[in-house]
Amino acid sequence: MGVKIRRRNPDLLKDIVKNAKSIDGRTLRVGVMEDGELGMIAHVHEYGCDIRVTDKMRAYLSAAKGIHLKKSTTVIRIPERSFIRAGFNEHEAGWRQKASELINEAVTGNVPVDTMFDMLGLELAGKIQEFARDLKSPPNSSATKMLKGSGNPLVDTGRMIGAIKHEVD
């Protein structure tokens, strides 16, 4: 009595190699991809920023915004509120597990490679958006709270959080 092996897909190994090669060298980027105002705002929040106070700025803040800086105030410090790096780190274990599962599905041909990258990108962008919305520390200054009308450090209009997207190269 012998054992007979039937291969359902005789090209399975060739397909796995082909799918693996189509993943190799591709890049998934997640964050605020815009170079303009939103990109600048995201960068300032991600890394923090020191803004030197000029006489012109002092006059503007006083006349237009009702904010009266002390004469001794020479720098306005916007603290680091990392939401991209910290959001990625917060969800890294789950994201890596999901990536492992989806890569396996893509390599075996159950999910198209482009779909796999989009699924991973959407998942991670959503987690980073959620992290940014929930971030509470460091809190806004009292002057910023007065101008914005809220205390959530990374939410004003929602444009920056809405700009968190993914790209695949």
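The values are calculated or read from the model by the stated rules, or taken from the named source; none is laboratory data. None of these values were measured; they are calculated from a predicted model. Positions of Cβ are generated from backbone atoms using ideal geometry, with glycine treated the same way; all protein chains shown enter the neighbour counts. Keep in mind that these areas ignore ligands, DNA and RNA; they rest on the heavy atoms of the full protein, side chains included. Shrake-Rupley method; radii C 1.70, N 1.55, O 1.52, S 1.80 Å.
Below is a table of values for the structure above.
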| item | result |
| --- | --- |
| Share of carbon and sulfur in the accessible heavy-atom surface of region 1-125 [1.4 Å probe, %] | 54 percent |
| Relative contact order %, the chain, counting alpha carbon pairs below 8 Å whose residues are six or more apart | 33 percent |
| Using a Förster distance of 35 Å, the FRET efficiency for ASP114-ILE51 (Cβ separation, nearest 0.05) | 0.25 |
| Under 14 Å from the GLU130 label point (7 Å along Cα→beta-carbon), backbone N, region 73-95 | 87-95 |
| Accessible solvent surface per residue of region 23-169, calculated while the other protein chains remain in place, 1.4 angstrom probe, Å² | 60 Å² |
| Isotropic mean projected area of the C-alpha convex hull, region 109-169 (nm²) | 5.1 nm² |
| Within the chain, helix-based [θ] at 222 nm, where runs of 4 or more DSSP H residues each add -39,500 (n - 2.57), nearest 500 | -16000 deg cm²/dmol |
| Region 49-154 - Debye-derived log10 I(q)/I(0), Cα point model, q = 0.12, 0.20, 0.21 Å⁻¹ | -0.61, -1.02, -1.07 |
| Gain upon complete extension [ALA20, VAL3; 0.36 nm per residue less C-alpha separation] | 3.0 nm |
